[in-house]
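Take this structure, written in structure tokens, and hold onto it; I'll ask about it next.
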Amino acid sequence: MNGPARISALAVVLTGMVLSISGCDKLAARDQLNKGVEAYKSQRYEEAIGHFQKATQLDPTLPMAKSYLATALAQNVVPGLDTPDNLKTAQQAISIFQEVLDKDPNDVNSLKQIAGIYFSIKKFDEAKAWQKKVLAVDPKDAEAAYTVGVIDWTLAHENALKALLPAGINDDGEGNVKAPKKVLQTLKDESSPLIDEGLQYLNQAIADRSNYDDAMTYLNLMYRRKADIDFADPNAVKADVAAAKDWTAKAMGTRKANEEKKNKGPGGITIDSSGNLK
């Protein structure tokens, strides 16, 4: 066999070996992916992370491997904890989800996951921005709209506590009419945009999901914050408090109806709290 032919034959053999190794890696990657899923289902998140990392190393093109890895990392993020390790885990998960979004900018799951991680570590502005990205892709996502409203209420509530505490006033949830006007004016300046936006998004959530009792509960809370900033108009304060109580009643009624529907089995059979058929 002459030189060129020998080289050509060797190239074919090597190519076959590479393809064989590549095929083995893909099979091994899928095995690691399956093991990771089983570990995740059993809430063994550290073990799941290890399997998903191996899967992505063996086959970087494996569908869902990066999403699963990022999701498992996100499960290890402790809400409200700002230690370096916890923040590092959060950032790792966010970075991997962003890699997924680099290939598919409209991947709603990754958008939601990033928003949820930022919410967990109390980076509320970032969380709200990412929820709005979800809504840009899916304007009818009631959960995303609800979460924007929750964040706005959380920030407005923090403003209220921060302003009222130095004045020695406990939040009464009904306009805090005994608070100094200077304190209430500060609240109005700080919280008006949050309250306006929060009401908008909470109403949007209910428009897209008419039985959204959690959104109704937060509308009650948001109207109580609105009562603070309407301090200059006593009639408006009364209307805000009345609206809050109305949404409380609606939330309770809707929650009861949701529970009844949830407990209703096939063929209209109802299951009571003891598990008995009715």
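For LEU69, indicate whether it is at pLDDT 80 or above, on the phi < 0 side of the Ramachandran plot and not small (Gly, Ala, Ser).
Answer is yes for this residue.
If only one of ALA90, ALA136 is open to solvent by less than 20 Å² (accessible area, probe 1.4 Å) and part of a helix (DSSP H, G or I), which one is it?
After ruling out the rest, the residue left standing is ALA90.
Scan (1) under 19 Å from ASN176 (Cβ atoms); (2) assigned to a helix (DSSP H, G or I) for the single condition GLN200 breaks and write down its number.
Only one criterion is unmet by GLN200, namely (1).
Now for a different question. Look through the stretch 180-202, keep the residues that are of a type outside the set (A, V, I, L, M) and closer than 13 Å to PRO166 by Cβ, and return whichever of them is surrounded by the most Cβ atoms within 10 Å (Cβ to Cβ).
THR186
Is it the case that TYR118 is open to solvent by 50 Å² or more (accessible area, probe 1.4 Å) and either of a type in the set (Phe, Trp, Tyr) or touching a strand residue (DSSP E or B) at 6+ places or on another chain (Cβ under 7 Å) (or both)?
When the stated conditions are applied, TYR118 does not pass them.
Let me ask something else. Give me the pairs: first residue in the stretch 126-153 and closer than 23 Å to LEU187 by Cα, second residue open to solvent by less than 10 Å² (accessible area, probe 1.4 Å) and polar (S, T, N, Q), beta-carbon distance under 9 Å, and six or more apart or on different chains, which are they?
Sorted first by the residue in the stretch 126-153, then by its partner, the pairs are ASP152/SER191.
Which pairs have Cβ atoms under 8 Å, sit 6 or more apart or on different chains, and link a residue in the stretch 81-103 that is of a type in the set (Asp, Glu) to one that is surrounded by 17 or more Cβ atoms within 10 Å (Cβ to Cβ)?
ASP82/ILE121; GLU99/LYS66
Related question: What about ASP141, is it modelled with pLDDT under 95 and of a type in the set (Asp, Glu)?
Against the criterion (modelled with pLDDT under 95 and of a type in the set (Asp, Glu)), ASP141 does not qualify.
Residue by residue through the stretch 45-87, note down the ones that are farther than 21 Å from GLY116 by Cβ and either under 21 Å from the mean Cα position of the chain (by Cα) or outside any helix (DSSP H, G or I) (or both).
Hits for the stretch 45-87 are ASP59, PRO60, THR61, LEU62, PRO63.
Shifting gears a bit: What number goes with the only condition from (1) closer than 15 Å to MET64 by Cβ; (2) open to solvent by 40 Å² or more (accessible area, probe 1.4 Å); (3) of a type in the set (S, T, N, Q) that ASN106 does not pass?
Going through the list (1) closer than 15 Å to MET64 by Cβ; (2) open to solvent by 40 Å² or more (accessible area, probe 1.4 Å); (3) of a type in the set (S, T, N, Q), ASN106 breaks only (1).
Inside the stretch 156-179, can you point out the residues that are over 20 Å from ALA243 (Cα atoms) and open to solvent by 60 Å² or more (accessible area, probe 1.4 Å)?
Correct list: GLU158, LEU161, LYS162, LEU165, PRO166, GLY168, ASN170, LYS178.
The values are calculated or read from the model by the stated rules, or taken from the named source; none is laboratory data. Bear in mind that the values here come from a model prediction, so they are computed numbers and not experimental data. Glycine gets a Cβ as well: all are built from the backbone with ideal geometry, and neighbour counts include every protein chain shown. All accessible areas refer to the heavy atoms of the entire protein, side chains included, with ligands and DNA or RNA removed. Shrake-Rupley method; radii C 1.70, N 1.55, O 1.52, S 1.80 Å.
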